[in-house]
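The values are calculated or read from the model by the stated rules, or taken from the named source; none is laboratory data. This one's a predicted model, so the numbers in the text were calculated from it and none came from an experiment. FYI the Cβ positions are ideal-geometry reconstructions off the backbone, even for glycines, and counts take in every protein chain you see. Only protein heavy atoms, including side chains, enter the accessible area calculation; ligands, DNA and RNA are left aside. Shrake-Rupley method; radii C 1.70, N 1.55, O 1.52, S 1.80 Å.
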Amino acid sequence: MSTYYLQKGFCYFKFKFNPSIIAEIKAIEGRRYNSQTKEWYVETSLINNGKIKAIIDGYGFELNEKPSLLGEKLDESVTNSIREEEEKEGIEEIKKDIAKLGLGITPRPFQYKGIFYMSVWGNMILGDDCGLGKTLQTIFTAELNNWFPCVVVCPASTNYQWGEKWREANPNRIVSVIESPKTDNWDADVVIVKCTSLAKSDGEIIKYGKEVKNVIPKYPELLRGWKYCVLDEIHFFKEKSAGRSQIAKKIADKSEIVLGLSGTLVLNRTKEIINPLILTKQFTKLFGTWQKFVERYCNATKTPFGWNTNGSSNLMELNSILKANCYLRREKSEVRKDQPPIQETYY
């Protein structure tokens, strides 16, 4: 049974794992999670009350007039950290819900965990090792939560692979791989675009992440507003000033949920993670300002030519914060028993 109660200016929600409810609560500014009582809570205000009422009415929440005493102990840390028993319970629910969808593909056992975290966290980075099925986990998550319309920004070498995989999973899903103005379908459920031709300036397509000013999208439809934005190989957008990064930021800003995929999130320097975290709407919430981040984690030093941010510091702390809030990675060695034999696919 889903219940709620009001206490000291907050509305508390307690319910069985439901990705849709979690997504709506997380859309409310300032929402928090109490890990002691497994309750989400939101401050009651003129701005929030309409959203709170919509959740209560839309999901049949019943008023609990006798909340637990633990409810008075607010966990003030804004965190998405999930306890082990919550994870197990959520994964079991995910398995049941995906089975009901009747998709053409079944997730591998270890992939349910990825789907669970993507469903709960929403804005995050999935950093699984190459070959563990980041594409399929993304597809399952979108189908499970009905996160459409969805835009996938990916390398040119994988755009048709994305299309084929999505059609294999759900033949009824309308998928459009953007290639030619004559055949492009921007009204499709899933729109797949190459990251190498996102931006243009003065009528010219910008490739290779060139830094330019006055960047505009090659396709104006990219800024239509999306439920789900998937940035495949999000480390391609590490340079904030690059043309494609500027357009990726505009797309992300107009999307409700942003997912980054990368098996090699940081190639050389810690600062490379800053823009991916900005794109997935996590940077400011977790770290505040650029200055605070580079001083704490990039060993930033002041020079006559400006700040040197090429270093690294407090990496264990940084790793812990990311893993507790917005980053999931598994190595092949961790899930070896659940992996299939080597498969080769040609497109």
Original post:
Of all residues in the stretch 302-312 being touching a residue at least 24 places away in the same chain (Cβ under 8 Å) and open to solvent by less than 40 Å² (accessible area, probe 1.4 Å), which is nearest to Leu132 (Cα to Cα)?
Top reply: Gly311
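Filter the stretch 187-211 for residues that are over 18 Å from Asp232 (Cα atoms) and open to solvent by 30 Å² or more (accessible area, probe 1.4 Å); which is modelled with the lowest pLDDT? Steps first, please.
Of the stretch 187-211, the ones over 18 Å from Asp232 (Cα atoms) are 187-188, 200-206, 210-211.
Okay, now just the ones that are also open to solvent by 30 Å² or more (accessible area, probe 1.4 Å), so 187, 200, 202-205, 210-211.
Numbers: Asp187: 95, Lys200: 80, Asp202: 52, Gly203: 47, Glu204: 56, Ile205: 54, Lys210: 53, Glu211: 54.
That would be Gly203.
So how many residues does the stretch 150-174 have that are farther than 25 Å from Gly263 by Cα and either open to solvent by 70 Å² or more (accessible area, probe 1.4 Å) or touching a Phe, Trp or Tyr at 6+ places or on another chain (Cβ under 9 Å) (or both)?
Here is the first cut: in the stretch 150-174, the residues farther than 25 Å from Gly263 by Cα are 170-174.
Filter once more, so that each one left must be either open to solvent by 70 Å² or more (accessible area, probe 1.4 Å) or touching a Phe, Trp or Tyr at 6+ places or on another chain (Cβ under 9 Å) (or both): 171-174.
The total comes to 4.
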**OP:** Give the stretch 144-153 a look and list any residue that's touching a helix residue (DSSP H, G or I) at 6+ places or on another chain (Cβ under 6 Å) and either among the acidic types (Asp, Glu) or within 19 Å of Ile251 (Cα to Cα) (or both), or say none.
**Re:** Cys150, Val152, Val153
Original post:
What are the residue pairs meeting all of these: first residue in the stretch 252-272, first residue free of Cβ contacts under 8 Å to residues at least 40 places away in the same chain and farther than 21 Å from Trp147 by Cα, second residue assigned to a helix (DSSP H, G or I) and of a type outside the set (Lys, Arg), Cβ atoms under 7 Å, and 6 or more apart or on different chains?
Top reply: Thr264/His235; Val266/Glu272; Val266/Ile273; Leu267/His235; Lys271/Val294; Glu272/His235
Original post:
Pro341 is checked against (1) modelled with pLDDT under 90; (2) open to solvent by less than 20 Å² (accessible area, probe 1.4 Å) and fails just one. What number does that condition carry?
Top reply: (2)
Original post:
Which members of the stretch 1-44 meet the condition of being more than 26 Å from Asn146 (Cβ to Cβ), outside any strand (DSSP E or B) and under 24 Å from the mean Cα position of the chain (by Cα)?
Top reply: Ser35
Subject >> helices (runs of 4 or more DSSP H) completely within the stretch 84-192 that count 1 or more residues being over 15 Å from the mean Cα position of the chain (by Cα) >> reply: 84-101, 111-121, 159-169
Subject >> Odd one out for Asn299, checked against (1) free of Cβ contacts under 8 Å to residues at least 60 places away in the same chain; (2) on the phi < 0 side of the Ramachandran plot; (3) open to solvent by 70 Å² or more (accessible area, probe 1.4 Å) >> reply: (2)
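In the stretch 106-149, which residues are of a type in the set (D, E, K, R) and open to solvent by less than 10 Å² (accessible area, probe 1.4 Å)?
So the first thing to find is which residues in the stretch 106-149 are of a type in the set (D, E, K, R), and the list is 108, 113, 128-129, 134, 143.
Matches in the stretch 106-149: Asp128 only.
On the given criteria, is Lys182 within 18 Å of Asp253 (Cα to Cα) and modelled with pLDDT under 95?
Values: within 18 Å of Asp253 (Cα to Cα): no; modelled with pLDDT under 95: yes.
Answer is no for this residue.
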Original post:
Looking at the stretch 45-58, is at least one residue assigned to a loop (DSSP other than H, G, I, E, B), touching a helix residue (DSSP H, G or I) at 6+ places or on another chain (Cβ under 9 Å) and open to solvent by 50 Å² or more (accessible area, probe 1.4 Å)?
Top reply: no
Original post:
Out of the residues in the stretch 2-44 that are small (Gly, Ala, Ser) and modelled with pLDDT of 85 or more, which is most open to solvent (accessible area, probe 1.4 Å)?
Top reply: Ala27
